[in-house]
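The values are calculated or read from the model by the stated rules, or taken from the named source; none is laboratory data. What you are looking at is a predicted structure, and each value in this text was computed from that prediction instead of being measured. Neighbour counts are summed over all protein chains in view; Cβ atoms, including those assigned to glycine, are modelled from backbone coordinates with ideal geometry. Surface accessibility is based on the protein's heavy atoms, side chains included, excluding ligands, DNA and RNA. Shrake-Rupley method; radii C 1.70, N 1.55, O 1.52, S 1.80 Å.
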Amino acid sequence: MRLIQSQEVRLALFEEGDPGNPTILLVHGYPDTHRVWDEVAALLRDRFHVVSYDVRGAGASTAPRDRRHYAFDHLAADLAAVLDAIGKPRVHLVGHDWGSLQSWEAIARPGIAPRIASFTSFGGPGLDQAAHFMRYGKRREIAGQLLRSWYIGAFQLPFLPELAWRKLVPGALERSMRLAEGIEPRPGHPADTLVADGRNGLGLYRRNFLNRLRTPGDPMVDVPVQLIETTKDIFVSPKLLASIASWVPEFWHRKLAAGHWAQRSHPEIVARMIAEFAGHLEGGASTRSLRRDRAGEGRKAFENRLVVVTGAGSGIGRATARAFAAHGAEVVVADLDEAAATQVAEAITKDFGRAAHPVLVDVSDAAQMDDFARNIALNHGVPDVVVNNAGIAVTGPILEHSLDDWKRTLDVNLWGVIHGCRLFAQQMIERGEGGHIVNIASLAAFAPSRILPAYSVSKAAVKSLSDCLRAELAGQGIGVTAICPGFVTTGIARNATFVGPDLRELAERGLERRGYPPERVAAHVLRAVHRNDAVVPVNAEGRLGYLMSRLSPGAMRAFARISGGLRNPPVGR
């Protein structure tokens, strides 16, 4: 630690790592000190020169005697003094909470902007950008942000906030960190100086918020900005954060399923994001996630996303892989038929100019799926979207199904989905940037059938699995969707196994006459990922079956008895 002078205060400056490396400057928020960055700094110091400081009135830094000297002009002067002490032409700035607010203000100033190579912001938008949102945003969105910001109004009151810091706030803060974010207090955070820091820092709110919201400055920023949206942060609304892109020409919007103190709860992910961004702007290669999260005009909906589709050699899987590629994605085309997968991948590259990788895999084989998931992550990265589509059908009465018929159907239709969900969900959780899993079920998931018993059981299980997994992964920012098509014109009847009467030709003609192409199912898949839908029944019979299963399960059972006697097997997707 060393102390540097800035106007009438002394700032405590801390440095780690080799000064010859690019410098990352970490600015803490309220009511923290530089110690909130301990875990992140430790992860960055081998590659970067890491600098942090206690802002005026916090930690080991002194407080101004005049409470008016918490205004932005003084905070910007402090940052300039720190930059002078570092002594480099440019640094990579990172701000959290109030450290982010004051950094947004500083990088708009001509004397500071040229000295900032990049800015990573989380937990605090710029007040100029926020003022524009409050003036021109939609009323409901503005109301939502005002509800999240109730405490700002409370901090404007005289005396009461200071009293609260003496008795109530320290304990409430620790309980909130434990219960809401799973963060245990440790030496340095919260700091021993917490009560004094909290009382001093009230000046930040009182000297800046109302003045700046009434008379905002120019919201445009020329510094490259990486915004890390912590999706569980209760203080900042997603709509406000999304609006910032309008004011930053070079803007990356990344998401992390974490709360307000993400640098404490998810230090590895925060450090990785900071390092990726700074490393790229130092001339390094851009990671896939950086390419994916860069904002810009004309970008397709799934630009630079990695999508894995099983059973992609034909039917719904092929149509889905092509649809994602058409909307900008890089696709892994997985199938048990290697030749079919290769043909689909080559056509994707030819038709859309997108990378597509054919992979041979048997989804029913746990060892193969382990290798498959591991190799995808190693060679291409963690997928953003996984579509568990591979499936087979056995048609005929339940008592004519052999044990092998049951085993094959459940191994592919259910265990194949379980393998895909289990392996890729774990990768998505560890990456921390969300994702989406799509499981292709069927109308048969909620429409019992005498002549598709194994198939119906497997698809009902897939839908239930999807509901369970969606509940479990919601807190990780990972969506899960069950797609439930009715009759679709694919080759599933041609490839099905028929036990009892062989009605293959009749089933094939029926699906052909239905005339519902798999491309329309693929459109529903993409829309479901975009909207994060839970269950999507597809086409008229799919929607009707889903509605009737909820309104009158007895009617669905009666229909199953009737349809079973028709000897015209309604093979689903």
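Figures for the structure shown
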item	result
Per-peptide average of other Cβ atoms within 10 Å, ordering 104-110, 4-10 highest first	104-110, 4-10
Cα pair distances exceeding 19 angstrom across the stretch 161-235, given as percent	59 percent
Between the stretch 87-116 and the stretch 125-143, the alpha-carbon center distance in angstrom	22 Å
Gap separating the Cα centres of the stretch 180-201 and the stretch 300-360, nearest whole Å	50 Å
Spatially proximal aspartates and glutamates relative to Lys232 (Cα-Cα < 13 Å; intrachain offsets below 8 disregarded)	Glu181, Glu433
Ratio of the Cα radius of gyration of the chain to 2.2 N^0.38 Å, where N counts its residues	1.15
P(r) tail fraction, the stretch 186-288 - alpha-carbon pairs more than 16 Å apart, %	71 percent
Calculated over the stretch 59-202: convex hull of Cα atoms, volume per residue (Å³)	155 Å³
Cα-based convex hull volume of the stretch 1-59 per residue, rounded to whole Å³	76 Å³
Rg ratio (alpha-carbon, reference 2.2 N^0.38 Å) - the stretch 408-517	1.23
Angstrom value of the Kirkwood radius, inverse mean 1/r, which spans all Cα pairs in the stretch 209-359	17.9 Å
DSSP bridge pairs, the chain: antiparallel proportion in percent, nearest 5	15 percent
Projected-area mean, the stretch 374-422, by convex hull of Cα positions, square nanometres	4.2 nm²
Mean separation of Cα contacts under 8 Å, 6 or more apart, over the residue count of the chain: relative contact order %	10 percent
Cα-based helix-to-principal-axis angle, 127-136 vs the chain, degrees rounded to 10	60 degrees
The stretch 61-185, relative contact order [Cα under 8 Å, separation at least 6], %	17 percent
Dimensions in Å of the stretch 462-573 - Rg and Dmax from alpha carbons	16.0, 49
Translational diffusion of the stretch 238-316, µm² s⁻¹ [Kirkwood Rh, Cα pairs; Stokes-Einstein; 25 °C; 0.890 mPa s]	164 µm²/s
Distance violations [Cα-Cα > 24 Å] among Lys239/Lys300; Lys167/Lys239; Lys255/Lys350; Lys255/Lys300; Lys407/Lys459	Lys167/Lys239; Lys255/Lys350
The stretch 191-251, accessible surface, carbon-and-sulfur percent (1.4 angstrom probe)	55 percent
Cα gyration tensor of the stretch 469-514 - equivalent ellipsoid semi-axes, whole Å, descending	36, 13, 7
Calculated [θ] (222 nm, deg cm²/dmol) that DSSP helices of n ≥ 4 give over the chain, each run adding -39,500 (n - 2.57)	-14500 deg cm²/dmol
Cα long-axis angle, helix 338-352 against the chain (0 to 90 degrees, to the nearest 10)	50 degrees
Cα-based helix-to-principal-axis angle, 366-379 vs the chain, degrees rounded to 10	40 degrees
Solvent-accessible heavy-atom area per residue, rounded to whole Å², over the chain at 1.4 Å	43 Å²
